[in-house]
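The values are calculated or read from the model by the stated rules, or taken from the named source; none is laboratory data. Nothing here was measured: the structure is a model prediction, and the numbers come from that model. In this analysis, Cβ positions are derived from the backbone assuming ideal geometry, glycine residues included, and neighbour counts consider all displayed protein chains.
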Amino acid sequence: MDSQTRLGLELFGAALVLGVLGDQLLRVAPWGLNAFVWIGCLVVVSGGLAHRWRAGLAPVSRWFVLPLCVPALLFLGRDAATLKLVNMIALGTALSLGVWQMQVARLRRHPSVAYEPPGLLAAGAKALFGLPRFLARDIEWKSLKADGRGKKIAAVGRGVLIAAPVLVVFGTLLVMADATFEALVARALYVDPTYLPGHLLLTILFTWIVGGFLYGVLIKKTRAPEEADETLDKVPLFSLGIVEVSVVLGLINTLFASFVLVQLSYLFGGHGTVLGTANLTLASYARQGFFELVTVASLALPLLLVMRRLLAVKAGRSLQLFHTLAGVQVGLLFLILASAAQRMWLYQQVYGLTVLRLYVSAFLIWLAFVLGWFLLSVLRDRVERFVPGVVAAGFVVILGLHIVNPDALVVKTNVARAAAGATVDTAYLTSLSADAVPALIDALPDLDPALQAEVAQQLITRWQRPSRIDWRTWSRARSAAWRAVEARSVTLRQLTQNTDSQRLTPSSSFDVSSK
């Protein structure tokens with residue numbers, strides 16, 4: 001059996017084990033300690049295989065497990081569902097980054113191919129669909145029979161079949177001998193047939209993901225150099241000249257410039273200009289077009305990257321012309337982002353802060369950095385620096401969100417507005433995750449008595465420590481919320497009993513989340 005087949009078998013076995021473990025750990029939500037444990041196992045297995053087969057790996061590739069550690073730790077912190085989703089995106093990015101890093105190490109002498117920005121997405125796609133390919137191509141199944149491994153596997157199977165009836169007999173006797181052992185065996189062997197399809201699908205899903213990831217970082221690296229580089233010299237199927245690219249970018253720049261000219265008066269005029277415009281209210285200006293502007297800025301940059309990739313000219317005055325047009329477009333995109341940011345700021349001033357508005361603001365900050373990094377990397381012919389900078393900035397923003405604690409910040413901001421005379425939607429604030437519970441308890445003295453009663457009742461209802469806790473869903477935030485409610489339980493119950501007559505009517509509540 002050759003080394004490629006041995007590695008393939010070990011890889012598939014590791015993926016299958018992690019697939020079963022993923023089904024057992026990650027089938028319950030919200031993810032917390034279970035995600036940390038599973039990612040930790042993935043890191044250990046990946047690092048172990050990389051160390052075992054290090055002879056076929058470049059030195060840089062041995063660090064590919066480090067980005068996986070960040071999402072693992074983050075799952076232990078906050079409880080907000082959106083942050084959990086962001087952590088999952090970070091995990092997917094880290095997996096793609098590991099595969100992409102292997103390709104970079106292998107193709108370092110071809111930086112124009114290895115570091116093209118779409119390479120990260122291509123690496124993720126290859127990893128996602130890599131499992132069937134390596135099972136079919138990289139494992140020599142016939143060699144198992146040739147070197148006697150097939151006979152050993154068959155012998156193990158026969159041993160299991162022979163032992164099965166013996167285990168049944170002895171097991172039955174032991175179960176009849178002790179009630180505690182009987183209950184233990186019953187729990188271990190009980191399988192609800194209605195759950196079998198779900199278990200099977202989750203096991204296949206996690207096996208597929210892990211197998212594709214390991215295939216991308218290990219199998220690819222053991223191939224012969226001439227086979228690994230066989231696609232480098234292929235002629236692109238489609239390319240564009242500088243004339244076509246200039247026409248496309250020129251027309252887009254004209255459109256963006258026309259829009260920016262209209263927005264300049266609002267950007268520099270502030271509230272007064274908006275309120276002084278006929279048929280335009282502050283609410284309609286802030287609400288209308290915000291997400292459209294963010295979408296425009298989000299789509300324009302990938303278009304520039306595609307144009308740069310398809311541009312047949314790689315040097316000279318034509319490339320300088322592309323840099324000029326792209327730089328103008330990035331400058332216009334900065335102004336479009338400024339318009340979107342101003343609309344969001346005005347909206348928050350009038351209607352308060354929500355987690356959605358906070359996350360969108362964080363996305364705007366990241367997008368502004370990406371535009372600036374595009375100027376400093378791609379337009380200065382340092383394309384190899386673009387993807388690492390973008391990914392690093394994304395991880396920094398995610399870490400920043402975890403440090404800021406969006407749900408708690410929303411509570412503090414809106415309670416401060418209420419103290420200044422603004423209305424507050426307590427129903428929305430109490431619907432937030434466990435991250436907001438300590439902030440809500442601290443904010444109770446700053447609320448009206450009737451609002452205190454509403455908040456206290458919701459805290460008691462939602463965040464009493466359950467009698468049975470699934471360890472897989474544990475997180476620091478949920479534990480802190482339970483402890484905070486337990487510590488103030490007497491005060492919370494007094495608030496609900498003493499202020500029932502002072503509750504606000506439903507019509508007086510202000511729904512900030514619907515604005």
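Determine, yes or no, whether F369 is outside the structural domain of A29 (by TED's automatic domain parsing), over 29 Å from R493 (Cβ atoms) and touching a residue at least 60 places away in the same chain (Cβ under 8 Å). For F369, the condition - outside the structural domain of A29 (by TED's automatic domain parsing), over 29 Å from R493 (Cβ atoms) and touching a residue at least 60 places away in the same chain (Cβ under 8 Å) - is not met. For beta carbons closer than 8 Å, sequence separation of 6+ or different chains, a first residue in segment 318-338 that is over 11 Å from L375 (Cβ atoms) and a second that is in a helix (DSSP H, G or I) and of a type in the set (K, R), the qualifying pairs are F322/R308.
In segment 413-428, the residue that is nearest to the chain's Cα centre (by Cα) out of those that are surrounded by 18 or more Cβ atoms within 10 Å (Cβ to Cβ) and in a loop (DSSP other than H, G, I, E, B) is D425. Inside segment 24-36, can you point out the residues that are in a helix (DSSP H, G or I), of a type in the set (A, V, I, L, M, F, W, C) and more than 17 Å from the chain's Cα centre (by Cα)? Correct list: L25 only.
Yes/no per residue for (1) in the same structural domain as L202 (by TED's automatic domain parsing); (2) surrounded by 17 or more Cβ atoms within 10 Å (Cβ to Cβ); (3) in contact with a Lys or Arg (Cβ under 8 Å, 6 or more places away or on another chain); (4) under 25 Å from L66 (Cβ atoms):
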| position | (1), (2), (3), (4) |
| --- | --- |
| G13 | yes, no, no, yes |
| V17 | yes, no, no, yes |
| L21 | yes, yes, no, yes |
| Q24 | yes, no, no, no |
| V28 | yes, no, yes, no |
| W31 | yes, yes, yes, yes |
| N34 | yes, yes, yes, yes |
| W38 | yes, yes, no, yes |
| L42 | yes, yes, no, yes |
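For segment 48-65, the criterion of being farther than 14 Å from L218 by Cα, modelled with pLDDT of 75 or more and part of a helix (DSSP H, G or I) is satisfied by no residue at all. When V262, V330 are checked against the criterion of being at pLDDT 75 or above and surrounded by 16 or more Cβ atoms within 10 Å (Cβ to Cβ), V330 stands alone in meeting it.
Based on what the data block shows, is S339 hydroxyl-bearing (S, T, Y), in contact with a Phe, Trp or Tyr (Cβ under 9 Å, 6 or more places away or on another chain) and surrounded by fewer than 17 Cβ atoms within 10 Å (Cβ to Cβ)?
Taking the combined requirement at face value, the residue does not satisfy it.
Residues of segment 299-318 that are of a type outside the set (K, R), in a helix (DSSP H, G or I) and surrounded by fewer than 16 Cβ atoms within 10 Å (Cβ to Cβ): L299, P302, L303, V306, L310.
Mind telling me which of the residues A341, A286, A297 ends up being modelled with pLDDT of 85 or more and either in contact with a strand residue (DSSP E or B) (Cβ under 6 Å, 6 or more places away or on another chain) or within 29 Å of D425 (Cβ to Cβ) (or both)? Please lay out each step first, then the result.
Numbers: A286 fails: modelled with pLDDT of 85 or more; A297 fails: either in contact with a strand residue (DSSP E or B) (Cβ under 6 Å, 6 or more places away or on another chain) or within 29 Å of D425 (Cβ to Cβ) (or both).
Result: A341 is the single residue among A341, A286, A297 that is modelled with pLDDT of 85 or more and either in contact with a strand residue (DSSP E or B) (Cβ under 6 Å, 6 or more places away or on another chain) or within 29 Å of D425 (Cβ to Cβ) (or both).
Anything in segment 466-492 that is loosely packed, with under 14 Cβ neighbours inside 10 Å and not in a helix (DSSP H, G or I)? List them, or say none. Residues satisfying the conditions are P466, S467, R468, I469, D470.
Hey, any hits in segment 229-241 for a residue that's surrounded by 12 or more Cβ atoms within 10 Å (Cβ to Cβ), assigned to a helix (DSSP H, G or I) and either at pLDDT below 85 or of a type in the set (V, I, T) (or both)? No.
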